[in-house]
Amino acid sequence: MASMLSTSDNPHNPFDDFDAWFNWDAAHGYNTPGLLSRLNITSQQLSDADQASDLEEAIDRIVEENFNGVMIKVTNG
């Protein structure tokens, strides 16, 4: 099951309408993709499965720490 990082106040689903989701996220100053990229430590030398696992772990870590109180994990499937 695929998942993405989002915020609880973003009215758009990143799976269904990424552009609207991204524009709303940026306009509200979250920069969620940037946060995720800073905390997702991985390598192109890893398999796709290992990269996906690293991404899931980074999302889970951000949601668990939830420094601003609005981070959520959105799943597709």
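Charged side chains reduced to their Cβ positions (Lys and Arg at +1, Asp and Glu at -1) give the chain a dipole of some 180 debye around its Cα centre.
Compared with the dominant Cα axis of the chain, that is its longest principal axis, helix 18-27 is turned about 70°. For the chain, the longest principal axis of the C-alpha atoms and the axis of helix 48-65 are separated by about 50°.
Distant-in-sequence amide contacts of I72, defined by a placed amide H-H separation under 5 Å and a gap of 5 or more residues or a different chain, comprise S6, T7, S8. Mean projection of the Cα convex hull over all viewing directions, computed for the chain: 5.1 nm².
Each reported figure results from applying straightforward, stated rules to the coordinates on display, with no laboratory input. On a predicted model such as this, the values are computed, not experimentally measured, just so you know. Cβ atoms come from the backbone with ideal geometry, glycine included; neighbour counts cover every protein chain shown.
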